[in-house]
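The values are calculated or read from the model by the stated rules, or taken from the named source; none is laboratory data. Keep in mind it's a predicted model, so treat the numbers as computed, not measured. Ideal geometry is used to build each Cβ from the backbone, glycine not excepted, and the neighbour counts take in all protein chains shown. Just so you know, the surface numbers come from the protein's heavy atoms only, side chains and all, with ligands and any DNA or RNA stripped out. Shrake-Rupley method; radii C 1.70, N 1.55, O 1.52, S 1.80 Å.
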Amino acid sequence: MRKRIILFVGAWLCALGSVTAGGFQVNLQAVPNAGMGHVGAALAFDPSAQFFNPGALGMVQTGLSLGTTPIFARVAYREPAPGVYTTNNEATISTPFAGYGAVRTNIFDNTPVVFGVGVYTPFGSRVLYADDWKGQFALREISLQTIFIQPTIAVNFGERFSVGFGPVFATGSVSLRRAVPAQFTNGNYGEVLLSGAGRGFGFNAGIYYQSDQKDFSAGVSFRSSVGFNADDGTAEFAVPASLADSFPNTTFSAQIDLPWTLTVGAAYRFPGKNLVSVDINYVGWSVYQSLDFDFVQNTSLLDDLASPRNYTNAFIFRAGWQKDLTDDFQVRAGAYYDMTPVPDGFTTPETPDSDKIGLNAGASYHLGRLRIDASLSWVEAQERTDINQELNFGGTYKARGFIPGLALCYTFAPKYDAVIDPSR
């Protein structure tokens, strides 16, 4: 019992599972891009370009954009054979959002400079199971919220080439409930609630190029790893009185390295106002090898913990299409294949991760300088059977998600005539 009780703390910050991307990453940072498989390194639809490629920000005009993409996700679980127990997580809604602003200036002759700021949520989720399900010692409920703030500067050289850079300031909070394998006299199991907040820093940089004819564009961007430090987290225990001294309410510190992402993308406008774009993301999950906890108050049953994760780097392949039906109305479609970074033996109910396929669609309508964007995404994860080595718990997981999106974008000046201008 001692080992099982200690190990329940092992997935606090790492247990941020989302059906929308590998690991616990959420790739829903702009609604128009979401409708095209979330491509973006070679596109500059609006100020949201600063997330996908800060260099592409040099190709947009002064404007504001704001959107949200609520996630409706379900995870089905089946215990290992010969067992027949099955269950689903409780229905919940996660609400990633993103807002961006940009100001285009001419402070240098013939060298436009664009200043931007973005506020977005690239990591997060909420997962809830019934308190009495068979995996309650691994998880009952988790909720994660992160907010990244990115001021950005982009410099445009000769209307063909631009570079951009933005420091990233990250903040977030998480709470997790798990059962403790110790019963009260009424037969109910004890519980622990882990809560904390953290912060971190990183950067986002990119290069963008477009041809003289403005029918081809390409981009490379790099989002750095962010070291997320959580200090003064709280651990609150509800256990039988006989174990109260062994599990005192205490505080802890933890640290997690969020992955870096290298993206290469290209876009081409074919005759008939058909725009096609592809991206390849290489996500540096290998920075996440272990999660370490330092409890302020230790006991014989509550030790500091080093919890292995052993994540591996992974690719995401994306493709998207846009068609201008009229000057004011565009439609989009896209797809992606997202490879899991979670190796065998490390799957948990919080991150029941597997390779995923995403199918996307979207549209935009212009009312003067105001653009209304909508998107729909369907994410289907491959069925995965695995036993977590640390928790000694597992089974077969099957996840899927439905994600609508809605956004508004307002441009304060005529659009810059770039290859990706959706009203061209």
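Quick rundown of the values:
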{"read-out": "Residue within segment 134-147 that is assigned to a loop (DSSP other than H, G, I, E, B) and closer than 18 Å to SER48 by Cβ present", "value": "no"}
{"read-out": "GLU159, sole failed condition from (1) part of a strand (DSSP E or B); (2) surrounded by fewer than 21 Cβ atoms within 10 Å (Cβ to Cβ); (3) among the charged types (D, E, K, R)", "value": "(1)"}
{"read-out": "Condition broken by ASP215, with the remaining ones in (1) in contact with a Lys or Arg (Cβ under 7 Å, 6 or more places away or on another chain); (2) buried (at least 20 other Cβ atoms within 10 Å of the Cβ); (3) more than 24 Å from ILE142 (Cβ to Cβ) satisfied", "value": "(2)"}
{"read-out": "Residues (touching a Phe, Trp or Tyr at 6+ places or on another chain (Cβ under 6 Å), among the aliphatic types (A, V, I, L, M) and under 14 Å from GLU159 (Cα atoms)) located in segment 195-225", "value": "ALA218"}
{"read-out": "Subset of segment 401-418 (residues that are in contact with an Asp or Glu (Cβ under 6 Å, 6 or more places away or on another chain) and at pLDDT below 90)", "value": "LYS415"}
{"read-out": "Selected residue [surrounded by fewer than 15 Cβ atoms within 10 Å (Cβ to Cβ), part of a strand (DSSP E or B) and touching a residue at least 40 places away in the same chain (Cβ under 8 Å)] from GLU191, GLU236", "value": "GLU236"}
{"read-out": "Any chance PHE222 is among the aromatic types (Phe, Trp, Tyr) and open to solvent by 20 Å² or more (accessible area, probe 1.4 Å)", "value": "yes"}
{"read-out": "Residue match in segment 247-270 (condition: in contact with an Asp or Glu (Cβ under 6 Å, 6 or more places away or on another chain), in a loop (DSSP other than H, G, I, E, B), closer than 23 Å to ARG140 by Cβ and of a type outside the set (A, V, I, L, M, F, W, C))", "value": "yes"}
{"read-out": "Answer residue from segment 194-212, given it is open to solvent by less than 50 Å² (accessible area, probe 1.4 Å) and in contact with a helix residue (DSSP H, G or I) (Cβ under 9 Å, 6 or more places away or on another chain) and is farthest from LYS134 (Cα to Cα) among those", "value": "GLN210"}
{"read-out": "Residue check for LEU57: open to solvent by less than 30 Å² (accessible area, probe 1.4 Å), part of a helix (DSSP H, G or I) and closer than 20 Å to PHE169 by Cα", "value": "yes"}
{"read-out": "Matching strands (runs of 3 or more DSSP E) fully within segment 274-388 where at least 2 residues are modelled with pLDDT of 95 or more, among the aromatic types (Phe, Trp, Tyr) and open to solvent by 30 Å² or more (accessible area, probe 1.4 Å)", "value": "314-326, 329-338"}
{"read-out": "Filtered residues of segment 82-99 (kept if buried (at least 16 other Cβ atoms within 10 Å of the Cβ) and either among the aliphatic types (A, V, I, L, M) or modelled with pLDDT of 95 or more (or both))", "value": "ALA98, GLY99"}
{"read-out": "Filter result for ALA266 (without any contact (Cβ under 8 Å) to a residue 12 or more places away in the chain, more than 24 Å from VAL174 (Cα to Cα) and either small (Gly, Ala, Ser) or in contact with a helix residue (DSSP H, G or I) (Cβ under 7 Å, 6 or more places away or on another chain) (or both))", "value": "no"}
{"read-out": "The lone exception for VAL220 - which of (1) part of a loop (DSSP other than H, G, I, E, B); (2) under 30 Å from VAL163 (Cα atoms) it fails", "value": "(1)"}
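Matching residues to (1) open to solvent by 30 Å² or more (accessible area, probe 1.4 Å); (2) over 20 Å from VAL379 (Cα atoms); (3) in a loop (DSSP other than H, G, I, E, B); (4) at pLDDT 85 or above:
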site: GLN61; (1), (2), (3), (4): yes, yes, yes, yes
site: LEU64; (1), (2), (3), (4): yes, yes, no, yes
site: GLY67; (1), (2), (3), (4): no, no, no, yes
site: TYR77; (1), (2), (3), (4): no, no, no, yes
site: PRO80; (1), (2), (3), (4): yes, yes, yes, yes
site: GLY101; (1), (2), (3), (4): no, yes, no, yes
site: ARG104; (1), (2), (3), (4): yes, yes, no, yes
site: ILE107; (1), (2), (3), (4): yes, yes, no, no
